[in-house]
Ligand SMILES: NC(=O)c1ccc[n+]([C@@H]2O[C@H](COP(=O)([O-])OP(=O)(O)OC[C@H]3O[C@@H](n4cnc5c(N)ncnc54)[C@H](O)[C@@H]3O)[C@@H](O)[C@H]2O)c1
């Protein structure tokens, strides 16, 4: 029989602590909620009542249950109030010295059989445990933000944690309605070890003015299918906490430069821009603690007047699924489309593929039948690029091969009238290399349709150091008419989405390789702890391990940082032909 914890103490009622109090009290556990000052205690109480009042307003909690929940909580300043509880969980700032001192005090104050737990995200639970005289009763219970919502709890056992303490805490998690993953004591555990390199990378993108905060966040939300963008997430976590987690992971986790906190993060923390909790971080909020973003000096101006010389005709070059989809997308949006396909492709088959794509839109109620027919009427097919002389925009979607694309773009540049925007849909090649092959690089941009088959409507508009403002503006205006979100970024490997997504997937493979956690635990952790729609291994199997390896190689070749080197296990699986769902075998 697992020991039942009937009363728990929570120390620190900030971003995490107040939510943890709510989780316990909701499950019928008596809670002693402790802070360091009267003001902080009041803030914690206000967070708790605000959250439970919102749950009542949204019909997720009955008013009587809210009152019962609040009655279970006793608020106190100072640790002495914790002398009789069965379990203490601390959620004070992420600093080892502070936590070690706190645990030494708890060891003195709490009854001998009490379990002492830390909610640390990255610090060594072992080092915290040995500050007490009862290290076998010390454990990590790592909740995710917001604690009442996220289902995952990482239970961190050290080499000295007693087996019965682990079992008791696992039973407690089940009682709280949480799913636990029990793991060893390693910096960042599972979820944060995979999350924070990605978050820090996003900060370096803002720092380098590679793309705007809005474009980075929307690209990852829509293009990556994530519940929120990385910068908005950091504001939720707290920039001070994020800084400390990264700093610890850098020092404990093998000095991977990707965990070395971006200088901008340090500056923001020093300036008191801590995220939602201080009312300002990457975004500005209505007031401290609010989730409502308000406009500030960096908020982009609303879209101006439409261009005086809008795009009317679009050329699409290529054979194959991507090109056919693009023909359908442009025709459905009302453009006259000149579809140029190589002689090797049967035009009737290509036309049928476009029709199928449009039929799918009709089946999904995105397009009426008459509109589909009108769209088909707007398409002219040809095998000759000379037909593209008068188009306003030409988009190439041929094989991702540098020489093939260079030759094609040089040909298009010679054929198309001056001012035609020349766009490449490459996802892996440097756009500037292609632009220079045209002799008119000002007219060249990248238009990377992120996952063109999916309903995620993001297009990365890649601006090289030679792209003209007019070409980028035209691309932006066209994306808007396609009902897609255009995000503008510089010409770097992986643009925004792939550059942020694939290293995270690669890190998951390294974690598996290191034997720290299995595929199921890692997939669970990212889904239930971070709200990701798919875990990294399921995603890798779906994308194709060969595709992931190609992107990762390209990132590594450009960034030269060992942290981006493809995981050996990924290389081996690709060599063995285990490419994922497509071949029936990958990580699963
Ligand atoms: N923020 C997140 O998203 C998140 C998620 C999971 C885990 N964590 C972990 O939770 C812990 C707390 O992080 P946070 O973001 O909630 O920090 P926070 O800064 O929002 O809150 C910390 C709280 O602790 C209080 N405090 C400081 N010293 C204290 C003491 N001696 N006694 C009692 N209270 C004290 C502070 O007044 C403050 O209210 C950290 O270890 C962090 O790594 C944070």
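The values are calculated or read from the model by the stated rules, or taken from the named source; none is laboratory data. The structure displayed is predicted, hence computed values, not measured ones. Positions of Cβ are generated from backbone atoms using ideal geometry, with glycine treated the same way; all protein chains shown enter the neighbour counts.
Considering only segment 111-131, state which residues are more than 25 Å from the chain's Cα centre (by Cα), surrounded by 22 or more Cβ atoms within 10 Å (Cβ to Cβ) and without any contact (Cβ under 8 Å) to a residue 60 or more places away in the chain. Break it down stepwise before answering.
Within segment 111-131, the first condition is being more than 25 Å from the chain's Cα centre (by Cα), and the residues that meet it are 111-118, 124-131.
Narrowing the set further to residues that are surrounded by 22 or more Cβ atoms within 10 Å (Cβ to Cβ) leaves 114-118, 125, 128-129.
Listed by number, the residues that qualify are 114, 116, 117, 118, 128, 129.
In this structure, is residue 134 farther than 18 Å from residue 22 by Cα, touching a residue at least 12 places away in the same chain (Cβ under 8 Å), crowded, with 19+ Cβ neighbours inside 10 Å and under 29 Å from the mean Cα position of the chain (by Cα)? No.
Taking the conditions exactly as written (modelled with pLDDT of 95 or more and under 21 Å from the mean Cα position of the chain (by Cα)), does residue 528 satisfy them or not? Lay out the reasoning, then the answer.
On the way: modelled with pLDDT of 95 or more: yes; under 21 Å from the mean Cα position of the chain (by Cα): yes.
For residue 528, the condition - modelled with pLDDT of 95 or more and under 21 Å from the mean Cα position of the chain (by Cα) - is met.
The set of residues from segment 454-484 being surrounded by fewer than 19 Cβ atoms within 10 Å (Cβ to Cβ), touching a helix residue (DSSP H, G or I) at 6+ places or on another chain (Cβ under 7 Å) and over 19 Å from residue 309 (Cα atoms) comprises 456, 457, 465, 466. Annotation: residue 348 fulfils all but one of (1) under 19 Å from residue 398 (Cα atoms); (2) at pLDDT 95 or above; (3) more than 33 Å from the chain's Cα centre (by Cα); the unmet one is (2). Highlighted here are the helices (runs of 4 or more DSSP H) found entirely within segment 195-307 that include at least 2 residues which are in contact with a helix residue (DSSP H, G or I) (Cβ under 8 Å, 6 or more places away or on another chain) and away from the ligand (no atom under 14 Å from the Cβ): 213-218, 263-270. Only one entry in 375, 339, 413, 370 is part of a strand (DSSP E or B) and more than 33 Å from the chain's Cα centre (by Cα), namely 339. Every test in (1) in contact (Cβ under 8 Å) with a residue 12 or more places away in the chain; (2) part of a loop (DSSP other than H, G, I, E, B); (3) more than 19 Å from residue 18 (Cβ to Cβ); (4) more than 10 Å from the ligand (Cβ to nearest atom) is passed by residue 59 save one, and that test is (1).
For segment 125-134: of the residues being within 16 Å of the ligand (Cβ to nearest atom) and in a loop (DSSP other than H, G, I, E, B), which is nearest to residue 235 (Cα to Cα)?
In the first step, residues of segment 125-134 are kept if they are within 16 Å of the ligand (Cβ to nearest atom); the result is 125-129, 131-132.
Of the ones still in play, those that are also in a loop (DSSP other than H, G, I, E, B) are 131-132.
Working: 131: 32, 132: 33 Å.
Of everything passing the filter in segment 125-134, 131 is nearest to residue 235 (Cα to Cα).
In this entry, residue 189 passes the filter for residues that are touching a helix residue (DSSP H, G or I) at 6+ places or on another chain (Cβ under 9 Å), at positive phi and surrounded by 24 or more Cβ atoms within 10 Å (Cβ to Cβ).
Of the residues making up segment 26-38, those that are within 14 Å of the ligand (Cβ to nearest atom), outside any helix (DSSP H, G or I) and out of contact with any helix residue (DSSP H, G or I) (no Cβ under 7 Å at 6 or more places or on another chain) are 36, 37.
Of all the residues in segment 68-112, those that are closer than 16 Å to residue 13 by Cβ, part of a loop (DSSP other than H, G, I, E, B) and within 11 Å of the ligand (Cβ to nearest atom) number 5. Among what's in segment 298-317 and is over 16 Å from residue 471 (Cβ atoms) and modelled with pLDDT of 95 or more, pick the residue that is surrounded by the most Cβ atoms within 10 Å (Cβ to Cβ). Only one residue fits best here, namely 316. Listed by first and then second residue, the pairs linking a residue in segment 1-25 that is more than 19 Å from residue 178 (Cβ to Cβ) and within 8 Å of the ligand (Cβ to nearest atom) to a residue that is in a loop (DSSP other than H, G, I, E, B) and modelled with pLDDT of 95 or more, with Cβ atoms under 7 Å apart and 6 or more places separating them unless they lie on different chains, are 11/91; 11/92; 12/91; 12/92; 14/91. Residues of segment 1-18 that are modelled with pLDDT of 95 or more, surrounded by fewer than 24 Cβ atoms within 10 Å (Cβ to Cβ) and under 10 Å from residue 47 (Cα atoms): 14 alone.
Residues checked against (1) assigned to a loop (DSSP other than H, G, I, E, B); (2) over 29 Å from residue 250 (Cβ atoms); (3) within 16 Å of the ligand (Cβ to nearest atom):
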| position | (1), (2), (3) |
| --- | --- |
| 120 | yes, no, yes |
| 123 | yes, no, yes |
| 136 | no, yes, no |
| 146 | yes, no, yes |
| 154 | no, no, yes |
| 167 | no, yes, no |
| 172 | no, yes, no |
| 182 | no, no, no |
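Here residue 47 passes the criteria (1) away from the ligand (no atom under 16 Å from the Cβ); (2) touching a helix residue (DSSP H, G or I) at 6+ places or on another chain (Cβ under 9 Å); (3) touching a residue at least 24 places away in the same chain (Cβ under 8 Å) except the one numbered (1).
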